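Below is one structure, written out as structure tokens; the observations come after it.
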Amino acid sequence: MSVAKPLRIGIAGLGTVGGGVLKLLASHGELLTQRTGRTLQVTAVSARDASRDRGVDLSSVRWYQDAAALAVDPEIDVFVELIGGSDGIAKRAVEAAIAAGKHVVTANKALLAHHGAALAGAAESAGLTLAFEAAVAGGIPAIKGLREGLAGNNIREVHGILNGTCNYILTEMRTTGRDFADVLADAQRLGYAEADPSFDIDGVDAAHKLAVLTAVAFGTQVDFKSVHVEGIRHISALDINYAQELGYRIRLLGIARRTEAGIEQRVHPCMVPTNSPIGATDGVFNAVVADGDFVDKVVLVGRGAGAGPTASAVVADLVDIARGRVTPTFGVPAEKLAPLVPSPISRRQGRYYVRLMVVDRPGVIADIAATLRDQHVSMEAFLQRGRSPGEAVPVVWTTHETDEAAMQSALAAIGALDAVLEPPRMIRIEDF
Ligand SMILES: NC(=O)c1ccc[n+]([C@@H]2O[C@H](COP(=O)([O-])OP(=O)(O)OC[C@H]3O[C@@H](n4cnc5c(N)ncnc54)[C@H](OP(=O)(O)O)[C@@H]3O)[C@@H](O)[C@H]2O)c1
């Protein structure tokens, strides 16, 4: 009986994800051989610190100080990039691997968001696979789900919770009543947030993932620049309480939607119904909802980060390569990906939540109502608790469906009123 050749794997980056992949391959070797008919064998690795214990015996594995040199090792078939960063060594090493005829697996959403189209083109024209299941929503098979499972559909929309750190912070704020800065500090102490949390809390990480999901969902070139991005720094405990009272949860969502104007891509805090799948996804969990014209809505929920879930996704890509399963990187051959025509957020149609801090005095509400009327924005619900003449009080309302441009004009005019003490806080409502 002929025995299939082992799949020889080189891994650059042995941190959270790389360490998880080493452990998974070590513990599930037999199962993976059963499934693929081949041995998945780590033959070379690279990281910064050669002396660090990675929890797995690497004594018989070649060590490279330079990841780009590992990428062209003649004794590897697949280069696994688990270093991170949109440029620098990760990009150089991936390009070198493709030029040397190696398949590539990466968890690097920043790299794909900025260079996905070019890298896919290079890999496909060389007959190679560029796989990235771990780059979006960690352990959730969102890429395979969309690209393979829903390949028969025109996708109308894909949206989801794409950043577990933000979802953890928003969940903690709700369940403990604490404010943003306090919960963020705790998340950093517990290792759920980076020392520099800006990529997470300013929405950039979710935007990287959304740009990649959009390409897969709509067969368009990855276009990170056209993603509208807002983070969660301005969400207050007060807004979380009002959301709860109105029957909503606040989530940082990535939304990609086909509109008449093109493809809308946006990342920002949203209010979603408490009893929706997204509303029910708490803590570090991620959720991805795809809406296809024949299948309707499909919801995937699971862990979006961490050693185990991301290793699970990286190894799924390795299994595809071991089996010789070939799929265009973004579901459509790279040279056929259409340029993305952006539909700007100013064209969004939807409902809004607004909170103001105003001086409690006669006539203020009438001024606000007049401004909304002038912009043709119609109020749906209005909340003002208690009276405190002459003092600052919160005033909250939700709107009927209106367009973003009108809403922004109304907010600018309302923010300029004397009695309004802070910039208005607006959160878009998504009823899905
Ligand atoms: N963490 C997650 O849950 C998660 C989830 C999804 C996707 N990702 C993505 O996966 C990638 C890796 O993330 P991570 O969390 O595993 O990062 P990490 O824990 O910081 O690990 C990074 C690894 O890269 C190595 N490294 C850094 N610079 C290098 C260089 N110049 N040459 C060779 N190796 C180098 C580090 O070496 P030393 O160990 O020697 O310092 C470390 O092993 C990123 O693209 C990230 O966005 C992560």
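Computed from the coordinates by the stated procedures, all read-outs in this text should not be read as laboratory data. None of these values were measured; they are calculated from a predicted model. Here the Cβ positions follow ideal geometry from the backbone for every residue, glycine too, while neighbour counts run over all protein chains shown.
Summing charges over all other residues whose Cβ lies under 14 Å from the Cβ of Ala50, with Lys and Arg as +1 and Asp and Glu as -1, gives +1.
Under the simplified labelling scheme, the Val72-Ala195 pair shows an inter-label distance of 3.4 nm, with each label point 7 Å from Cα along Cα→Cβ.
Each listed q (0.09, 0.10, 0.11, 0.21 Å⁻¹) maps to a log10 I(q)/I(0) for the range 278-432, found by the Debye formula over equal Cα scatterers with no solvent: -0.53, -0.62, -0.70, -1.31.
For the pair Arg92 and Ala280, what calculated FRET efficiency results from E = 1/(1 + (r/R0)^6), where r is the Cβ-Cβ distance and R0 = 41 Å, to the nearest 0.05?
Step by step, r from the Cβ atoms, then E = 0.45.
The dipole here belongs to the chain: it is taken about the Cα centre, uses +1 on the Cβ of Lys and Arg and -1 on the Cβ of Asp and Glu, and is about 800 debye. Using C-alpha pairs below 8 Å separated by at least 6 residues, the relative contact order for the range 15-109 is 23 percent.
Note on Arg325 and Asp57: their simple-model spin labels are 3.2 nm apart, each label 7 Å out from Cα toward Cβ.
Please give the peptides 135-144, 153-162 ranked by average Cβ packing (other Cβ atoms within 10 Å per residue), highest first, as a rough proxy for protection.
In descending order of packing, they fall as 135-144, 153-162.
Contact order, relative form, for the range 74-194: 17 percent (alpha carbon pairs under 8 Å, 6 or more residues apart, mean separation divided by residue count). The eigenvalues of the Cα gyration tensor, multiplied by 5 and square-rooted, give the range 1-89 an equivalent ellipsoid with semi-axes of 23, 15, 12 Å from largest to smallest. The peptide list 345-353, 115-123, put in order of mean Cβ contacts within 10 Å with the highest first, becomes 115-123, 345-353. Per-peptide packing, taken as the mean over residues of other Cβ atoms within 10 Å, places 324-330, 11-17, 48-54 in the sequence 11-17, 324-330, 48-54 from highest down.
Note: the chain, Cα convex hull, 147 Å³ per residue.
The calculated FRET efficiency for Glu380 paired with Asp182, based on their beta-carbon distance and R0 = 25 Å, is about 0.20. Exposure proxy for Trp397, Trp63: other Cβ atoms within 10 Å of each Cβ, ordered fewest to most, give Trp63, Trp397. Each of Ser346, Thr327, Ala307 was scored by the projection of its Cα onto the charge dipole of the chain, and the greatest displacement toward the positive side belongs to Thr327; charges sit on the C-beta of Lys, Arg, Asp and Glu.
Gly331 sits among other residues whose Cβ lies under 11 Å from its own Cβ, and their net charge, with Lys and Arg +1 and Asp and Glu -1, is +2. One equal scatterer on each Cα of the range 93-136, no solvent, Debye formula: the resulting log10 I(q)/I(0) at q = 0.13, 0.16, 0.22, 0.34 Å⁻¹ is -0.22, -0.34, -0.64, -1.34. With a simple spin-label model that places each label point 7 Å from the Cα along the Cα-to-Cβ direction, the separation between Phe432 and Thr259 comes to 2.0 nm.
Put in order of Cβ neighbour count within 10 Å, fewest first, the listed residues Met426, Met357, Met173 become Met357, Met426, Met173.
A Förster distance of 56 Å, applied to the separation of the beta-carbon atoms of Asp367 and Arg156, puts the FRET efficiency at 0.90. Considering only Val17, Ala69, Ile89, and ranking their Cα positions along the charge dipole of the range 1-119 that arises from unit charges at the beta-carbon of Lys, Arg, Asp and Glu, the one farthest toward the positive end is Val17. Across the chain, the relative contact order, built from alpha-carbon pairs under 8 Å that are at least six residues apart, equals 16 percent.
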